[in-house]
Amino acid sequence: MFHLVDLSDHHILVTGASAGLGHDTAVLLARLGARLTLVARDSGRLNETLRQLEGPGHRVCSCDLTDFDAIPNVVKQSVDALGPLDGLVHCAGVQIMRPVSLLTANHLEQTLKLNVTAALGLVKSLASPGQFRKPASCVLLASVMGLVGQPVQAAYSASKGALIAMARSLALELARQQIRINCIAPSLVAAGMGLAIEKNLTPEQFDKVVQMHPLGLGKGSDVASAAAFLLSGAARWITGTTLVVDGGYTAQ
């Protein structure tokens with residue numbers, strides 16, 4: 001049977017794979033034939049994800065991606081174990097919700113280190129000689145908060161807006177190496193950060209959030225499917241763009 005999205009023989013690195021969108025993305029990519037390197041801080045939860053993957057040849061790597069200098073070694077170890085990378089998905093991220101009056105330099109630093117600086121380090125390391133196979137594709141998880149405003153989201157919005165802008169420049173710079181760079185901007189989904197937000201709201205408040213999505217809340221698989229498409233040959237002529245996956249949230 002022909003599949004438009006076929007990742008057979010692709011080696012993909014997925015960050016944040018221990019939970020949420022990273023976990024859901026890893027499960028789908030493995031189902032589509034990819035060999036995966038799973039990256040996150042919690043090795044126990046990473047191994048739980050590993051046990052759920054279809055197919056052989058996957059591996060885990062426990063790493064703190066806020067350590068920029070450690071990222072090249074993560075990529076090199078991955079390549080040494082499973083061969084050159086065909087792509088990566090940066091799902092790891094942090095969302096600190098604070099009114100601006102309570103934001104500290106530490107809050108901003110934490111947010112930017114994982115959401116932006118780590119993404120740049122991963123792309124830089126993948127693009128190094130011998131670390132990737134042409135053509136390659138990098139997918140960076142942004143957010144609709146990088147496109148629209150929302151109270152108490154200043155630090156998070158700043159990080160995701162920066163990620164979207166950074167992806168455009170990287171796409172132009174790395175096109176000559178046949179590396180595509182794209183973002184996905186999801187709205188609230190029933191996974192990871194979305195579940196955490198629900199716990200912090202009253203039922204009435206959360207219902208208002210749901211009503212802002214004409215198609216209802218999404219699932220982790222909706223975002224994972226978008227990532228799989230952007231990684232695949234079906235998206236060979238797409239780079240420097242942001243695919244909005246938000247159930248109509250930003251259409252209003």
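Can you give me the number of residues within segment 20-39 that are on the phi < 0 side of the Ramachandran plot and in contact with a Gly (Cβ under 6 Å, 6 or more places away or on another chain)?
5
Which condition from (1) part of a helix (DSSP H, G or I); (2) out of contact with any helix residue (DSSP H, G or I) (no Cβ under 6 Å at 6 or more places or on another chain) is the one that residue 156 breaks?
Exception for residue 156: condition (2).
List the pairs whose first member sits in segment 150-178 and is more than 21 Å from residue 209 (Cβ to Cβ), whose second member is among the β-branched types (Val, Ile, Thr) and crowded, with 17+ Cβ neighbours inside 10 Å, and whose Cβ atoms are under 6 Å apart, counting only residues at least 6 apart or on separate chains?
162/116; 163/116; 164/242; 167/181; 170/123; 170/181; 171/181; 171/239
For the subset of segment 28-52 comprising residues that are in contact (Cβ under 8 Å) with a residue 40 or more places away in the chain and in a helix (DSSP H, G or I), which member is nearest to residue 81 (Cα to Cα)?
The selected residue is 29.
If only one of 221, 159 is under 14 Å from the mean Cα position of the chain (by Cα) and surrounded by fewer than 18 Cβ atoms within 10 Å (Cβ to Cβ), which one is it?
Result: 221 is the single residue among 221, 159 that is under 14 Å from the mean Cα position of the chain (by Cα) and surrounded by fewer than 18 Cβ atoms within 10 Å (Cβ to Cβ).
Somewhere in segment 133-155, is a residue surrounded by 20 or more Cβ atoms within 10 Å (Cβ to Cβ), out of contact with any Ser or Thr (no Cβ under 8 Å at 6 or more places or on another chain), of a type in the set (Val, Ile, Thr) and over 17 Å from residue 97 (Cα atoms)?
Yes, there is a match, as at least one residue in segment 133-155 is surrounded by 20 or more Cβ atoms within 10 Å (Cβ to Cβ), out of contact with any Ser or Thr (no Cβ under 8 Å at 6 or more places or on another chain), of a type in the set (Val, Ile, Thr) and over 17 Å from residue 97 (Cα atoms).
Yes/no per residue for (1) among the aliphatic types (A, V, I, L, M); (2) over 27 Å from residue 218 (Cβ atoms):
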| site | (1), (2) |
| --- | --- |
| 9 | no, yes |
| 14 | yes, no |
| 44 | no, yes |
| 86 | no, no |
| 92 | yes, no |
| 95 | no, no |
| 103 | yes, yes |
| 108 | yes, yes |
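Out of 227, 167, 235, 185, which single residue is farther than 13 Å from residue 138 by Cβ and either at pLDDT 90 or above or acidic (Asp, Glu) (or both)? Explain how you work it out, then say what you get.
Details: 227 fails: farther than 13 Å from residue 138 by Cβ; 167 fails: farther than 13 Å from residue 138 by Cβ; 235 fails: farther than 13 Å from residue 138 by Cβ.
Matching residue, one of 227, 167, 235, 185: 185.
Can you name every residue in segment 85-139 that is part of a helix (DSSP H, G or I) and among the β-branched types (Val, Ile, Thr)?
Applying the first criterion (part of a helix (DSSP H, G or I)) to segment 85-139 yields 100-102, 105-126.
Result: 100, 111, 116, 117, 123.
Among the candidates 167, 158, single out the residue that is over 15 Å from residue 88 (Cα atoms) and not β-branched (Val, Ile, Thr).
So the residue among 167, 158 that is over 15 Å from residue 88 (Cα atoms) and not β-branched (Val, Ile, Thr) is 158.
I'm checking my understanding of the structure. Among residues of segment 61-84 that are free of Cβ contacts under 8 Å to residues at least 24 places away in the same chain and outside any loop (DSSP other than H, G, I, E, B), which one is surrounded by the most Cβ atoms within 10 Å (Cβ to Cβ)?
In this case the residue turns out to be 62.
Condition check: touching a residue at least 12 places away in the same chain (Cβ under 8 Å), over 17 Å from residue 184 (Cβ atoms), hydroxyl-bearing (Ser, Thr, Tyr) and buried (at least 24 other Cβ atoms within 10 Å of the Cβ). Does residue 25 satisfy that?
No; evaluated as a whole, the condition is false for this residue.
Restrict the check to segment 225-242 and report whether at least one residue is of a type outside the set (A, V, I, L, M, F, W, C), in a loop (DSSP other than H, G, I, E, B) and surrounded by 19 or more Cβ atoms within 10 Å (Cβ to Cβ).
Checking segment 225-242: at least one residue is of a type outside the set (A, V, I, L, M, F, W, C), in a loop (DSSP other than H, G, I, E, B) and surrounded by 19 or more Cβ atoms within 10 Å (Cβ to Cβ).
Of the conditions (1) closer than 29 Å to residue 104 by Cα; (2) surrounded by 15 or more Cβ atoms within 10 Å (Cβ to Cβ); (3) without any contact (Cβ under 8 Å) to a residue 60 or more places away in the chain, residue 181 clears all except one; give me its number.
With respect to (1) closer than 29 Å to residue 104 by Cα; (2) surrounded by 15 or more Cβ atoms within 10 Å (Cβ to Cβ); (3) without any contact (Cβ under 8 Å) to a residue 60 or more places away in the chain, residue 181 is out only on (1).
The values are calculated or read from the model by the stated rules, or taken from the named source; none is laboratory data. Because the structure is predicted, anything quoted here is derived from the model rather than measured. Virtual Cβ from ideal backbone geometry, glycine too; neighbours counted across all protein chains shown.
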